[in-house]
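Colleague: Following this message is one structure expressed as structure tokens.
The values are calculated or read from the model by the stated rules, or taken from the named source; none is laboratory data. Predicted model only: the values in this text are computed from it and were never measured. Reconstructed Cβ throughout: ideal geometry from the backbone, glycine too, with neighbour counts over all protein chains shown. Each accessible area value is taken on the protein alone, full model and side chains, heavy atoms only, with ligands, DNA and RNA left out. Shrake-Rupley method; radii C 1.70, N 1.55, O 1.52, S 1.80 Å.
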Amino acid sequence: MNVVLLSPYFPPNYYHFAVALRQNGVNVLGLGDAPYGDLRFELRSALSEYYRVDDLHRYDDLVRACGYFTHRFGKLDRIESHNEYWLETDARLRTDFNVCGPKSDELAWVKQKSKMKQVFTQAGIAVAPGLVAHAYPEAAQFVAEVGYPVVAKPDTGVGASGTYKLHNDAELAQFFATKPTSDYLLEAFVSGALYSFDGLVDREGNIVFCTSHFFSQGIMETVNEELDIYYYSLRELPPGLEDAGRRAVAAFNLRERFFHIEFFHQDDGRWVALEVNMRPPGGLTMDMFNYANDIDLYREWANIVAFGRSQMQYTRPYHCAYVGRRRTRAYRLSHVEVLYRYGDLIPEHGPMSEVLSPALGHYAYLFRSPDLDRLRQVIADVLAV
């Protein structure tokens, strides 16, 4: 079996995917723009071959690389990056090389936020009112119906990049006077606690793992206001969230993939869907899955790819929390004090990539405990200034 991993070195923890595939007897073919010598030893050891290009954005070079892999090893069975940024590139390569997995014509439903709303609605899941507005007059009419504030976000976008909260007519007019030419979705602002429904489906679309995380606030607020962020997993999933999440997974017809679906929980008890991502959550969340459940989801994904099945069992024995700190802020506890006080709760810590730091902070700590109250107190102490 031949699996091409695009940019297999980012995020840094994703090298585990290559290692797990190799342990299952798969030919793991790396395709990236980093020098081979810069790859960590475990990744280099897992790769049957590595093809370096000068720029991963040059699609012709990627086609040439996959053509070489095909000539050298035979038909390609999977092409994957597990990365939102390369989702369209993955799909285009799968289409051109007739490889199993989401193709280009299937991608709009999970890339365009306006189309996501249609799928959620068809599945009976509540969404915020929204409109792809091309000019100020239609936007003003939409605002007259839903009221301020409204959120303007790229209809096709990654994370909170280029996302704005507009509070009045002046800000709306200024936005349309200066906005990029790409399509923007206007949404009624929805307040509520932010949760995710995360997991992995097998080749038949069955959920083999699921969990949920509570977030301190949305990524838009975190990035735009340079806030600290934390989030933690739940040992018991709220029934309404799990029901909506499972219906969403079925509606989007996911196969052999991780998923990350975001919901707002409103005061009236409704779960309002925000968006779906058919890839693992970013940063260190894959590791959080494993620490919270004493499992190895890198290996379980590799088992599904190589053998079509997973026999994993899990019980959610721990809550696992991510806490990100910014180097621009003076915290009450120093890094050494955090390690001294809470080292027994820390399975992992370290600096975050500059690409991820606007949303996730510059330095990350993972904490785990079966006691959520204990975990919340640790989070408060670590972020206190």
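Colleague: Could you tell me which label, among (1) 19.8; (2) 24.4; (3) 21.2, carries the value of mean projected area of the Cα convex hull in nm² calculated for this structure?
Modeller: Recomputing mean projected area of the Cα convex hull in nm² here gives the entry labelled (1).
Colleague: Using a 1.4 Å probe over the heavy atoms of the protein chains, calculate the carbon and sulfur portion of the accessible area of the stretch 56-136 as a whole percent.
Modeller: Of all accessible area on the stretch 56-136, carbon and sulfur atoms account for 51 percent.
Colleague: Over the chain, what is the relative contact order in whole percent, taking alpha-carbon pairs under 8 Å and six or more residues apart?
Modeller: RCO, the chain: 13 percent.
Colleague: Between the DSSP loop rule and a limit of at most 13 other Cβ atoms within 10 Å, which GluC sites (Glu not before Pro) in the stretch 316-385 are left?
Modeller: 354
Colleague: For the chain, what is the calculated [θ] at 222 nm in deg cm²/dmol (nearest 500), taking -39500 (n - 2.57) for each run of four or more DSSP H residues and dividing by its residue count?
Modeller: It lands at -10500 deg cm²/dmol.
Colleague: Which is farthest toward the positive dipole end of the chain among 281, 137, 227, measuring Cα position about the Cα centre, with Cβ charges +1 (Lys, Arg) and -1 (Asp, Glu)?
Modeller: Of the listed residues, the answer is 281.
Colleague: Could you tally the net charge around residue 255, taking each other residue with its Cβ under 9 Å from the Cβ of residue 255, Lys/Arg +1 and Asp/Glu -1?
Modeller: Cβ neighbours under 9 Å give a net charge of -1.
Colleague: For the chain, give the share of DSSP beta bridges that are antiparallel, in percent and rounded to the nearest 5; count only bridges with both residues there.
Modeller: 80
Colleague: About the Cα centre of the chain, how large is the charge dipole given +1 on each Lys and Arg Cβ and -1 on each Asp and Glu Cβ? Please answer in debye to the nearest 20.
Modeller: Dipole about the Cα centre, nearest 20: 680 debye.
Colleague: Using unit Cβ charges (K, R positive; D, E negative) and no other charged atoms, how large, in debye to the nearest 20, is the dipole of the stretch 14-134 about its Cα centre?
Modeller: 300
Colleague: Also: For the chain, report the accessible area per residue in Å² (1.4 Å probe, heavy atoms, rounded to an integer). Kindly include the intermediate steps, with their values, before the conclusion.
Modeller: Values: 16910 Å² over 385 residues.
Heavy-atom SASA per residue in the chain reads 44 Å².
Colleague: Here is a further query. Work out which trypsin sites (Lys or Arg not before Pro) in the chain are exposed loop sites (DSSP not H, G, I, E or B, at most 13 other Cβ within 10 Å) and give the longest gap free of them.
Modeller: The longest uninterrupted stretch comes out as 76-326.
Colleague: Each label point is 7 Å from the Cα along the Cα-to-Cβ direction; what then is the distance between the points at residue 181 and residue 334, in nm?
Modeller: So the label points at residue 181 and residue 334 sit 5.4 nm apart.
Colleague: Among 21, 259, 119, whose Cα projects farthest towards the positive end of the dipole of the chain, with charges put on the beta-carbon of Lys, Arg (+1) and Asp, Glu (-1)?
Modeller: Checking the options against the dipole of the chain, the answer is 21.
Colleague: How high is the relative contact order of the stretch 259-367, given as a whole-number percent (alpha carbon pairs under 8 Å, six or more residues apart)?
Modeller: Working: 127 pairs, mean separation 23.3, N = 109.
About 21 percent, as a whole number.
Colleague: Further, regarding this structure: Where the centroid of each part is defined by its Cα atoms, how far is the stretch 238-282 from the stretch 188-203 in Å?
Modeller: That distance is 4 Å.
Colleague: Putting +1 on Lys and Arg Cβ atoms and -1 on Asp and Glu Cβ atoms, find which of 66, 93, 324 reaches farthest to the positive end of the dipole of the chain.
Modeller: 66
Colleague: Continuing with this model, one more query. Rounded to a whole number, what % of the accessible area of the stretch 142-278 do carbon and sulfur atoms account for, probe 1.4 Å?
Modeller: On the way: 2660 of 5670 Å².
Exposed carbon and sulfur together represent 47 percent of the surface.
Colleague: Below 8 Å, C-alpha to C-alpha, sequence gap of six or more: please give me the relative contact order for the stretch 1-109 in percent.
Modeller: Details: 156 pairs, mean separation 28.5, N = 109.
After rounding, I find 26 percent.
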